[in-house]
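Chemist: Structure incoming, see below.
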Amino acid sequence: MVSSAAQDPQAYLAELPADRQQEIAAVRELILSHLPAGYVEAMRWGMLSYEIPLALYPNTYNGQPLNYIGLAAQKHKNSLYLMGVYADPAALQDLLDAYARSGLKADIGKSCLRFRRAQDLPQEKIGELIASVPPEKFITLYESSRQAAR
């Protein structure tokens, strides 16, 4: 799978092969158990999205809710998009250090962590990083990045 037409998270999980379903469900639970209040879970861009609703922050560059986290089963691996980490160099270094300490191999793209199994991720650190960015902080990171791009 690269993109899904599912309308809700349950439908997305149901359409995955059993092995992928188990791994995506485990990471979804990690996200939901650490997600600060104010974010909502949705289906967007063909994947699970954890975002700031337009009612809370409508001033986005593309008119879509501000995406904080994405989770998807891709063609060969699964992907966890951590925009709060991508937008904060100190958080990225913290994540890389957690990989090194755990002995896990970091498979990191521009804004995503690629993994086959949930155990391939430093889950404790990811949970901590997710919990550390309430919507107000993420909006500030987002606005700073937009100003720097001008």
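Chemist: Taking the range 1-21 on its own, how many of its residues are at pLDDT 90 or above, in a loop (DSSP other than H, G, I, E, B) and exposed (fewer than 12 other Cβ atoms within 10 Å of the Cβ)?
Modeler: So the answer is 2.
Chemist: For the range 91-103, which residues satisfy the criterion of being closer than 20 Å to A131 by Cβ and aliphatic (A, V, I, L, M)?
Modeler: A91, L92, L95, L96, A98
Chemist: In addition: Filter the range 1-50 down to residues that are more than 18 Å from L113 (Cα to Cα), in contact (Cβ under 8 Å) with a residue 12 or more places away in the chain and polar (S, T, N, Q), then give me how many there are.
Modeler: Counting residues in the range 1-50 that are more than 18 Å from L113 (Cα to Cα), in contact (Cβ under 8 Å) with a residue 12 or more places away in the chain and polar (S, T, N, Q) gives 3.
Chemist: Here's a follow-up. In this structure, does V133 turn out to be crowded, with 18+ Cβ neighbours inside 10 Å and at pLDDT below 95?
Modeler: Taking the combined requirement at face value, the residue does not satisfy it.
Chemist: Taking only pairs six or more apart or across chains, which ones have beta-carbon atoms under 9 Å, a first residue in the range 119-143 that is without any contact (Cβ under 8 Å) to a residue 24 or more places away in the chain, and a second residue that is buried (at least 21 other Cβ atoms within 10 Å of the Cβ) and among the hydrophobic types (A, V, I, L, M, F, W, C)?
Modeler: Every condition considered, the pairs that remain are D120/L113.
Chemist: Let me ask something else. Please give the number of the condition Y81 fails out of (1) buried (at least 18 other Cβ atoms within 10 Å of the Cβ); (2) touching a helix residue (DSSP H, G or I) at 6+ places or on another chain (Cβ under 9 Å).
Modeler: It fails just one condition, (2).
Chemist: If I go through the range 105-130 residue by residue, how many of them are surrounded by 15 or more Cβ atoms within 10 Å (Cβ to Cβ) and more than 22 Å from P65 (Cβ to Cβ)?
Modeler: Adding up the residues that qualify gives 13.
Chemist: When only residues in the range 72-91 that are assigned to a helix (DSSP H, G or I) and over 27 Å from P9 (Cα atoms) count, which is modelled with the lowest pLDDT?
Modeler: Among them, the one singled out is P89.
Chemist: I'd like the full set of residues that are crowded, with 16+ Cβ neighbours inside 10 Å and more than 14 Å from Y68 (Cβ to Cβ), limited to the range 31-44.
Modeler: Once the filter is applied, which keeps residues that are crowded, with 16+ Cβ neighbours inside 10 Å and more than 14 Å from Y68 (Cβ to Cβ), the range 31-44 yields only M43.
Chemist: To continue, here is another question. Go through the range 37-55 residue by residue and tally those that are assigned to a loop (DSSP other than H, G, I, E, B), at pLDDT 95 or above and in contact with a strand residue (DSSP E or B) (Cβ under 9 Å, 6 or more places away or on another chain).
Modeler: Of the residues in the range 37-55, 3 are assigned to a loop (DSSP other than H, G, I, E, B), at pLDDT 95 or above and in contact with a strand residue (DSSP E or B) (Cβ under 9 Å, 6 or more places away or on another chain).
Chemist: Scan the range 62-84 residue by residue and report those that are under 19 Å from V133 (Cβ atoms) and touching a residue at least 40 places away in the same chain (Cβ under 8 Å).
Modeler: L66, Y68, I69, G70, L71, L80, L82, M83, G84
Chemist: Being under 28 Å from S144 (Cα atoms) and over 15 Å from the mean Cα position of the chain (by Cα) narrows it down to one residue among A55, A18; which is it?
Modeler: Residue meeting the stated conditions: A55.
Chemist: Restricting to the range 61-71, give me the number of residues that are part of a loop (DSSP other than H, G, I, E, B) and touching a helix residue (DSSP H, G or I) at 6+ places or on another chain (Cβ under 8 Å).
Modeler: Of the residues in that region, 1 qualify.
The values are calculated or read from the model by the stated rules, or taken from the named source; none is laboratory data. Note that the coordinates shown come from a computational prediction; the quantities given were computed from them, not determined experimentally. Quick reminder, even Gly has a Cβ in these numbers, built from the backbone with ideal geometry, and neighbours come from all protein chains shown.
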